[in-house]
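Structure, as structure tokens:
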Amino acid sequence: MSDGEQRPARGVRIGVDVGSVRVGVARSDPDGLLATPLETVPRTAGADPHPGAEDLERLAQLVAEHAAVGVVVGLPRSLSGVEGPAAANVRTYAGVLAARVAPVPVRLVDERLTTVDAHRALTASGVAGRRQRSVVDQAAAVLILQSALDTERATGAPAGEPVGGRRRKPRTKGTRT
């Protein structure tokens with residue numbers, strides 16, 4: 001474990017997939033083994049999230065209702081690992097959420113292809129295209145959270161990077177740090 005980080009105490013973790021229209025939410029069991037869908041929250045914060053936005057308030061309520069010990073937010077990156085405008089929006093959103101749910105820690109984890117994988121899984125399970133819209137964000141949140149839980153179990157350290165913490169410089173092709 002680095003930078004004094006340690007595995008969170010036993011308890012529920014919340015996974016969040018921030019979309020431009022909806023926010024998918026998942027939760028884990030208290031042992032941090034299995035992620036399950038929880039809710040889809042309509043996105044009201046828009047491009048400039050603020051502490052009073054209804055979606056952020058609902059997320060804070062869910063964190064409190066489930067006595068969550070941690071929140072994991074998916075960070076969209078390109079396949080090459082580059083962060084674009086969507087990632088910047090999610091970083092801002094996660095920062096506002098972290099301030100709202102403090103002292104519960106919020107972490108950003110790589111979410112490359114989770115929405116694509118969620119659509120595939122829903123199609124494979126027989127969920128029709130129009131019905132997918134209402135649950136795909138929850139399914140993506142499940143994939144984000146499950147990946148973080150698996151990483152935490154395998155390494156003994158929390159997955160991703162803390163919101164508001166020191167951030168590693170993004171890697172650029174052809175350079176070594």
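Points worth noting:
- Where Arg58 falls short, out of the listed (1) surrounded by 15 or more Cβ atoms within 10 Å (Cβ to Cβ); (2) not in a helix (DSSP H, G or I): (2)
- Residue within region 47-55 that is surrounded by 15 or more Cβ atoms within 10 Å (Cβ to Cβ), in contact with a Ser or Thr (Cβ under 8 Å, 6 or more places away or on another chain) and in a helix (DSSP H, G or I) present: yes
- Test set (1) crowded, with 21+ Cβ neighbours inside 10 Å; (2) of a type in the set (Val, Ile, Thr); (3) modelled with pLDDT under 95 - Val21 fails condition number: (1)
- Close pairs from region 55-74: first touching a residue at least 12 places away in the same chain (Cβ under 8 Å), partner in a loop (DSSP other than H, G, I, E, B) and of a type in the set (S, T, N, Q), Cβ under 6 Å, at least 6 apart: Asp55/Thr44
- Matching option when the condition is outside any strand (DSSP E or B), surrounded by 23 or more Cβ atoms within 10 Å (Cβ to Cβ) and on the phi < 0 side of the Ramachandran plot, among Val63, Val16: Val63
- Taken over region 100-116, the criterion of being crowded, with 19+ Cβ neighbours inside 10 Å, at pLDDT 95 or above and either at positive phi or assigned to a loop (DSSP other than H, G, I, E, B) (or both) is satisfied by Val104, Pro105.
- For region 149-177, a residue qualifies if it is at pLDDT below 50 and of a type in the set (S, T, N, Q), and the qualifying residues are Thr172, Thr175, Thr177.
The values are calculated or read from the model by the stated rules, or taken from the named source; none is laboratory data. Everything quoted here is computed from the prediction, not taken from an experiment. Cβ coordinates were reconstructed from backbone atoms using ideal geometry, including for glycine residues, and neighbour counts include every protein chain displayed.
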